[in-house]
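Notes follow the structure.
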């Protein structure tokens, strides 16, 4: 084997030679939005995979941003999930918006953005919100919110800022 065909220590076979390790923050955001929409519609990874003609493992990789979605799959996902392609790019954080090829090429100014998972996009959050709105009576929903706040307070979340209340101001302790 000639020297020009040998893999260098930094770039072995199968690696793309990216300047930044890990998934692209844009792919992570698109995957997060895919998972969010799928969960809102109550579809499993297996079901969405069947609708798109791929395995559930591929959907897992797409949702994590490990594998990016092709334009055709993104278009098909939007159709299957009854949304627009733009939906997958909506609510993108500004640091991810500014991420682009310049980071991969190593000419960008500033650090590569670190993607932080949005707690509002977590499956348990979405399921909680869906279950909350299935409760028909507003008074019971409000009691549930107060119960959850009380449990959070008991378990050390007392330092979390209290959300402003509507109506009467809270009673002052004397």
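Throughout, read-outs are computed from the coordinates displayed, never taken from laboratory work. Remember, it's a predicted structure, so these values are computed and weren't measured experimentally. Note that each Cβ is placed from the backbone with ideal geometry, even for glycine, and that neighbours are counted across all protein chains shown.
Assorted remarks:
- By average C-beta atoms within 10 angstrom, highest first, the peptides 73-83, 58-68: 58-68, 73-83
- Going by neighbour counts of Cβ atoms within 10 Å, the residues 92, 144 line up, fewest first, as 144, 92.
- Residue exposure sequence - 87, 132 - by fewest surrounding Cβ within 10 Å: 132, 87
- In terms of other Cβ atoms within 10 Å, 137, 36 run from fewest to most in the order 137, 36.
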